[in-house]
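Worksheet: the structure to be examined is printed underneath.
Only the coordinates and a few stated rules stand behind these numbers; no lab work does. Every value quoted in this text rests on a predicted model; they were computed, and no experiment measured them. All Cβ positions, glycine included, derive from the backbone under ideal geometry; neighbour counts span all protein chains shown.
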Amino acid sequence: MSIKITYTRQGDYNLPNLKLLEQEQREIGIWGQRRRRYLKERHKILYYNLLTRCKLIDHLTDINEEAQGMYDRLVKQLAEQEGVTEQLKSEDQMLWVTKMNNIRNQAQELVYTEIIYQ
């Protein structure tokens with residue numbers, strides 16, 4: 001079985017025309033997109049290794065699922081600890097919104113630290 005390789009001339013060099021294998025299109029999600037941006041900016045070698053091995057999409061979807069699960073659990077736990085309930089929501093909506101925003105920000109920072117930036 002013979003494989004024909006084609007080349008493109010770039011200056012004084014002949015570079016092979018390489019093409020990645022087609023990958024299944026899957027929804028990455030917001031956490032997966034944030035992880036991709038982090039890898040691309042801060043860990044280029046890991047990013048390109050995953051990309052060329054066709055494992056980047058799988059990695060990003062796994063990270064997205066793990067991060068979303070952790071975020072949902074943390075928001076629920078922190079809301080219980082802070083006493084943020086539906087009763088508070090009906091009595092004082094501005095206080096409820098303020099506390100929920102703080103809880104979501106805390107959860108988001110923990111997800112970044114524990115999953116996205118690892």
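Listing for the model above:
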read-out: Count of residues meeting criterion [over 17 Å from residue 115 (Cβ atoms) and charged (D, E, K, R)] in the range 16-59; value: 8
read-out: Top-ranked residue of the range 50-82 - restricted to ones that are within 17 Å of the chain's Cα centre (by Cα) and among the polar types (S, T, N, Q), ranked as farthest from residue 100 (Cα to Cα); value: 61
